[in-house]
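Taking it in order: structure first as structure tokens, then the write-up.
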Amino acid sequence: MKKTLKLLRLTYYSVYLTAIIAAFSGYTILKNGLTIDPKSDTGVTLQSILILFIIGSIPLTLATFNRMTKKWAELNNIDEKIIKYRRAGIIRIIIIGLGLILGVVFFYVMQSQSMIFIAGIAAVALFFCKPSENKIIIDLKLEESENE
């Protein structure tokens, strides 16, 4: 379980590091004058796609992960539980992190205030994905399995 926790934490903090790099890159792009007008067809389309992605992916990802952990908690093999949890946890962090990173990039490229709010929503959702040992134990009901 320590290996799983370490890998999930690495993924989690890598998303935030990537968002910081995206902010720096976006600032550099903005300084060079490469922008998209948020009111142009391209700007409206990109904003709409990101908003729909965030609105759809966050609840879907969190709900699916929660439903799957309940299913995995019923498995008898602890190693199998942890492997499935690790794989799904990484996918969950990446999907939600993608919204954060794209929100930061689009904020700089389009200079649209709504994009920073979208990035903020994704950052809050990502906070709920922060891995911890207690969370894994509770989600997979590992204490009950070890006592049996």
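The values are calculated or read from the model by the stated rules, or taken from the named source; none is laboratory data. Everything numeric here is computed off the predicted structure, so don't read it as measured data. Please note: Cβ atoms are built from the backbone with ideal geometry, for glycine as well, and neighbour counts cover all protein chains shown. What goes into the accessible areas is simple: the full protein's heavy atoms, side chains included, and nothing from ligands, DNA or RNA. Shrake-Rupley method; radii C 1.70, N 1.55, O 1.52, S 1.80 Å.
Consider ILE118 carefully, then state whether it is of a type outside the set (D, E, K, R), modelled with pLDDT of 95 or more, in a helix (DSSP H, G or I) and closer than 27 Å to ILE20 by Cα. Spell out the reasoning first.
Working: of a type outside the set (D, E, K, R): yes; modelled with pLDDT of 95 or more: no; in a helix (DSSP H, G or I): yes; closer than 27 Å to ILE20 by Cα: yes.
No: the conditions fail for ILE118.
Please specify each residue of the range 26-40 satisfying the condition of being assigned to a loop (DSSP other than H, G, I, E, B) and without any contact (Cβ under 8 Å) to a residue 40 or more places away in the chain.
Keep residues of the range 26-40 that are assigned to a loop (DSSP other than H, G, I, E, B), which gives 32-40.
Scanning the range 26-40 gives ASN32, GLY33, LYS39, SER40.
From the list LEU17, LEU7, which residue is open to solvent by 30 Å² or more (accessible area, probe 1.4 Å), of a type in the set (A, V, I, L, M, F, W, C) and under 17 Å from LYS84 (Cα atoms)? Steps first, please.
Numbers: LEU17 fails: under 17 Å from LYS84 (Cα atoms).
After applying the criteria, what remains is LEU7.
What number of residues within the range 52-65 are free of Cβ contacts under 8 Å to residues at least 12 places away in the same chain and open to solvent by 50 Å² or more (accessible area, probe 1.4 Å)?
5
Within the range 101-113, can one find any residue that is open to solvent by less than 70 Å² (accessible area, probe 1.4 Å), touching a helix residue (DSSP H, G or I) at 6+ places or on another chain (Cβ under 9 Å) and within 30 Å of LEU140 (Cα to Cα)? Working first, answer last.
Residues of the range 101-113 that are open to solvent by less than 70 Å² (accessible area, probe 1.4 Å), as a first pass: 101-110, 112.
In the following step, the residues that additionally are touching a helix residue (DSSP H, G or I) at 6+ places or on another chain (Cβ under 9 Å) were identified as 101-110, 112.
Restricting the remaining residues to those that are within 30 Å of LEU140 (Cα to Cα) gives 101.
Taking every residue of the range 101-113 in turn, at least one turns out to be open to solvent by less than 70 Å² (accessible area, probe 1.4 Å), touching a helix residue (DSSP H, G or I) at 6+ places or on another chain (Cβ under 9 Å) and within 30 Å of LEU140 (Cα to Cα).
Among the numbered criteria (1) touching a Lys or Arg at 6+ places or on another chain (Cβ under 9 Å); (2) surrounded by fewer than 18 Cβ atoms within 10 Å (Cβ to Cβ); (3) closer than 16 Å to MET68 by Cβ; (4) not β-branched (Val, Ile, Thr), which single criterion is violated by LEU140?
So the condition that LEU140 fails would be (2).
I'd like to verify a number: residues in the range 121-137 that are open to solvent by 40 Å² or more (accessible area, probe 1.4 Å) and either of a type in the set (A, V, I, L, M) or assigned to a helix (DSSP H, G or I) (or both), how many?
6
Identify, please: which residue in the range 69-84 is surrounded by fewer than 17 Cβ atoms within 10 Å (Cβ to Cβ) and either among the β-branched types (Val, Ile, Thr) or at pLDDT 95 or above (or both) and is, among those, nearest to GLN113 (Cα to Cα)?
The extreme case among them is ILE83.
Scan the range 59-112 residue by residue and report those that are small (Gly, Ala, Ser) and in a helix (DSSP H, G or I).
First pass over the range 59-112, keeping only residues small (Gly, Ala, Ser): 63, 73, 88-89, 97, 99, 103, 112.
Residues satisfying the conditions are ALA63, ALA73, ALA88, GLY89, GLY97, GLY99, GLY103.
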